[in-house]
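Here is the structure we will look at, set down as C-alpha cells.
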Amino acid sequence: MTTALATLERRLEANWPAIRAARDRTDAIVGHLSSALSDLHDANCSVVVTGSLGRAEATEGSDADWVLLVDGPSDPEHAMLAREIENRVRAIVPKEVGPTGTFGSIVASHELVHYIAGTRDSNENLTRRILLLSESRALTNPMVRERVIRNVLARYVLYDRSVRSRSGRRQVVPHFLLNDVVRYWRTMASDYASKMWERSRRGWGIRNVKLRFSRKLLFAWGLLAAFAGELFAPAELHQVENDEQFYLMLADLIRSQTDVPPLELLARVVLEAGDDDIANDIFPSYDRFLNVLADPEARARLDAVRFEDALDEPAYSELRDVSQRFRRGVTRLFFDVHPKLKMLIRDFGVF
Amino acid sequence: MKPIGFSTGALAKGDFATGLALQRDVSRIDAVELSALRDHELPGLVGAIPDLDLADFDYVSLHAPSKLQTLDEHAVFELLLGLPEAWPIIVHPELLQTPSLWRQLGRRLCLENMDDRKTMGRTISELRTLFEAFPEATFCLDLGHARQIDPTMASAMLMLREFGDRLVELHISEVGSHGEHLPLGATTRQAFARVVHLVPAQCPLIIESIISAELIERELETVSMLFDTVAQQAAIA
C-alpha cells in the first residue's frame with residue numbers, strides 16, 4: 001500500500017532514507033520478536049511494544065520498550081511469562097529498557113481503563129495509556145491490544161459527553177481525550193526538567209533532542225487523533241440516527257488512528273494541506289533526526305554531551321537547529337495553513 | 001416479538017434429542033438451532049431429521065461442525081446439502097477450505113462472526129473479505145463473540161449496519177475470557193443494549209448460554225427483557 005509519506009516524498013522529489021531505513025528496520029525487528037514469542041500465546045495477553053518500535057522508527061541504538069498487557073483474570077503465571085518474554089526480547093534487542101520500570105513488566109488493563117485522571121492515575125499509568133494509543137504495536141495477540149484500546153477510548157468518548165448544544169450539534173472533539181493528550185505532552189516536557197534535576201543532567205542531550213522531535217510528534221499524533229471526527233470522518237458519521245451510534249462510530253474512527261504510526265498520520269494531514277513548504281520543513285528534519293540517532297557515534301555523543309558544552313557538540317548543535325525547522329513546519333500546519341486545524345487549534349488548543 | 005429459542009448444544013452437549021425435548025414444552029420458544037458442533041455428531045443428526053418433531057418451531061437452523069476430526073470437508077458438505085432448503089446452515093468460516101464447494105449453498109450458507117481464538121471472521125474487515133468470497137452468504141451475528149473482540153460494541157454496530165441485510169440469526173450469550181458461552185451477566189446486558197435496537201424485528205434469537213434445564217426460563221426472560229426494554233424505549237422516543 002502506498003503511504004502518505006511515500007506520496008509526499010515522490011511529490012517533492014525528495015529522499016528521506018533514514019525514515020525508510022527505520023521503518024524497514026522496525027519491520028524486521030518486530031518480525032523477529034513476533035516469531036520468537038509466537039509460542040507464548042495467551043488468549044488474554046498481548047506483548048506490546050511502544051517507543052521507536054511502536055512508531056516504526058527503530059535505529060541501531062533503539063531498545064525494545066515492551067509490556068505484557070493482561071486483559072483478563074490475573075494469574076501468578078503471568079510473572080513467569082514476563083520473565084520468559086524478557087529473556088527472549090533481550091536475545092534479539094540486547095539494550096536494556098529504561099530505568100523507570102514503565103516498561104519490561106506486566107501491565108493490567110484495569111488501571112489503564114479505570115484510572116484515567118483522578119487521584120489514582122499516576123505518571124506511569126498516564127505514560128503507558130497514551131503510548132498504547134499513540135505508538136504501540138502488538139508482537140502477539142493483536143486482538144487484546146485492540147480491545148484494551150477500545151475500552152480506553154470508550155472512557156474518553158462514550159462515557160464523557162458534554163451537554164448537547166442547543167443547535168443539536170454533537171460533540172465531535174472528545175475533550176477528555178484532548179485534555180489527556182495535552183496533559184501528557186506537558187508531562188513529558190516537565191519530566192525532562194525533573195530528570196535533569198534527579199540525574200544531574202546525565203543523558204540530558206538525547207532526551208532534549210527526543211523532546212524536540214519524537215515526543216513532539218507524539219503530541220501532534222494525539223491532537224490529530226482527538227480531532228479525527230473533524231479531519232478523517234466518513235460522511236456516514238454525521239448521518240447516524242442517534243447519539244449512541246454516533247459516539248460508537250467516533251470511538252471506532254479514533255481507534256483506527258491507533259494503527260497509524262505518528263509520522264504517517266502527520267504526513268496524511270500535510271498531504272491534505274497541500275503546502276510543500278510545510279512538508280519540506282517537517283520531513284527532511286525528521287529524517288535528519290533519525291539519521292543522527294542511527295549513527296552509534298553521534299548517538300553516544302548526544303548521550304554524553306555536557307550541558308555546558310552543548311553548542312560545541314556538532315550532533316547536538318545541528319539537531320537543535322534542525323528541530324527549529326521541524327517546529328516551524330508543525331506550527332504552520334496547525335496554526336496557519338490547514339483550514340480545519342487552524343480552527344480546531346484555536347477553539348480547543350488552549351482555552 | 002422475535003422468534004426465540006436455544007441451541008440444542010447449549011442445553012445438552014452432543015445430544016440434540018435432549019436439547020430439543022427440553023425446549024418443546026416451553027411455550028414462548030418458537031425457534032431452535034440444531035447443533036452438530038463436533039463433526040461426529042453430524043451424521044446421526046442428519047439421519048434423524050426426517051423423524052424429528054419440529055412442529056413447535058417456526059424457525060429452525062443447523063450449526064455445522066466447527067472442526068473436522070472424523071469427517072472431511074466434502075463429506076460434511078454432502079450431509080449439509082441434503083438439509084431442508086429453508087434452514088440456514090450456520091458455519092464458522094474456518095470450515096470453508098474449498099470456497100467453490102460452499103458457494104453452491106447460496107443463501108443457505110450463513111457465516112458467523114468469530115471469537116478471538118479463531119483467525120478469520122472476527123472483525124468487520126475480515127467479514128468483508130469473507131462476504132466477497134461468498135457473495136450470496138447470509139450472516140449470523142454472535143453478539144458475545146462481537147463483544148469479546150470489541151467490548152464497546154462499536155464493531156457489532158458496524159456489522160449490523162454493513163451486513164444487516166444479510167442477517168438471518170442472532171446468537172446470544174456472554175463469552176468468557178476463555179471463549180466459553182455463559183449466561184448473560186449485568187455488564188454484558190448493558191453492552192448488548194447499545195445495539196439490539198438495530199436488530200431487525202423478525203430476526204430469530206438463538207441463545208447459546210450453556211445452562212442447566214432449570215435455568216431455561218430465567219435465561220429466556222433475561223434475553224426477552226433486554227429486547228423488550230429497548231423496543232419500549234424506542235417506541236417512547
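The values are calculated or read from the model by the stated rules, or taken from the named source; none is laboratory data. A quick note: this is a predicted structure, and the numbers were derived from the prediction, not measured. Note that each Cβ is placed from the backbone with ideal geometry, even for glycine, and that neighbours are counted across all protein chains shown. Heavy atoms of the whole protein, side chains included, go into the accessibility calculation; ligands, DNA and RNA do not. Shrake-Rupley method; radii C 1.70, N 1.55, O 1.52, S 1.80 Å.
Observations on the structure shown:
- Buried surface for the B/A pair, taken as the accessible area of each chain alone minus that of the pair with a 1.4 Å probe, is close to 1800 Å² in total.
- Accessible-area ranking of A:SER167, A:SER62, largest first, probe 1.4 Å: A:SER167, A:SER62
- Longest stretch of chain A clear of exposed loop sites (GluC sites (Glu not before Pro), DSSP loop, at most 13 other Cβ atoms within 10 Å, sites excluded): A:97-240.
- Whole-Hz couplings from phi, Karplus 6.51/-1.76/1.60, listed for the stretch A:85-102; x for Gly and Pro: 4, 4, 4, 6, 5, 5, 5, 9, 10, x, 4, 5, 6, x, x, 7, x, 5
- Amide H contacts under 5 Å for A:SER105, placed H, 5+ residues apart: A:LEU68
- Distant-in-sequence amide H partners of A:ALA58 (H built 1.01 Å from N, under 5 Å): A:THR26
- Taking θ as phi - 60° and the Karplus parameters 6.51, -1.76 and 1.60, the scalar couplings of the stretch A:296-311 work out to x, 5, 5, 5, 5, 5, 4, 5, 9, 4, 7, 4, 5, 9, 3, 6 Hz in sequence order, x denoting glycine and proline.
- Evaluating kT/(6 pi eta Rh) at 20 °C and 1.002 mPa s, with the Kirkwood radius of the protein assembly as shown over Cα pairs in the Stokes-Einstein relation, gives 81 µm² s⁻¹.
- Accessible surface, 1.4 Å probe, highest first, among residues B:THR129, A:THR3: B:THR129, A:THR3
- Under Karplus coefficients 6.51, -1.76 and 1.60, residue-wise ³J(HN,Hα) of the stretch A:55-71 in Hz, glycine/proline x: 8, 6, 10, 5, 10, 4, x, 6, 9, 10, 7, 10, 9, 9, 7, 10, 10
- Per residue accessible area in Å² of the stretch B:12-92, where ligands, DNA and RNA are left out and the probe is 1.4 Å: 45
- Max mean-square fluctuation residue, GNM over chain A, Cα-Cα springs under 10 Å, options A:VAL163, A:VAL89, A:VAL269: A:VAL163
- Legend: mean number of C-beta atoms from other chains within 10 angstrom of residue C-beta atoms, peptide A:147-153, equals 3.
- Note on A:MET196: accessible area is roughly 30 Å² with a 1.4 Å probe, heavy atoms of protein only.
- The apolar share of the surface of the stretch A:1-144, taken as the fraction of accessible area on carbon and sulfur atoms (1.4 Å probe, ligands and nucleic acids excluded), comes to 51 percent.
- When +1 charges are put on Lys and Arg Cβ atoms and -1 charges on Asp and Glu Cβ atoms, the dipole computed for chain A relative to its Cα centre reaches about 900 debye.
- Taking 23 Å as the straight-line reach from the Cα of A:LYS95, the lysines in range (excluding those fewer than 8 positions away in the same chain) are A:LYS195, A:LYS210.
- Calculated mean residue ellipticity at 222 nm for chain B: -10500 deg cm²/dmol, from DSSP H runs with n ≥ 4 weighted as -39500 (n - 2.57), summed, divided by the residue count and rounded to 500.
- All lysines inside 28 Å of B:LYS13 as judged from Cα atoms, apart from same-chain residues fewer than 8 positions distant: B:LYS2, B:LYS67, B:LYS118
- In this view, the solvent-accessible surface of B:LEU182, computed with a 1.4 Å probe and all protein chains in place, comes to about 60 Å².
- Burial of 10 Å² or greater, the stretch B:182-209 residues [accessible area, probe 1.4 Å, versus chain by itself]: B:ARG194, B:HIS197, B:LEU198
- Helix-only mean residue ellipticity at 222 nm for chain A, each DSSP H run of n ≥ 4 adding -39500 (n - 2.57), per residue, nearest 500: -19000 deg cm²/dmol
- Cα gyration tensor shape of the stretch A:32-138, rounded if a/c is under 1.5, else prolate or oblate by comparing a/b with b/c: oblate
- Per residue accessible area of the stretch A:114-258, 1.4 Å probe, in Å²: 41
- log10 of Debye I(q)/I(0), alpha-carbon scatterers only, for the stretch B:58-216 at 0.10 Å⁻¹: -0.35
- Heavy-atom accessible area with a 1.4 Å probe sorts A:PHE246, A:PHE176, largest first, into A:PHE176, A:PHE246.
- Exposed loop sites here are GluC sites (Glu not before Pro) assigned a DSSP state other than H, G, I, E or B and surrounded by at most 16 other beta carbons within 10 Å; excluding them, the longest clear run of chain B is B:1-84.
- For the stretch B:12-56: span of alpha carbons on each principal axis (Å, largest first): 31, 21, 14
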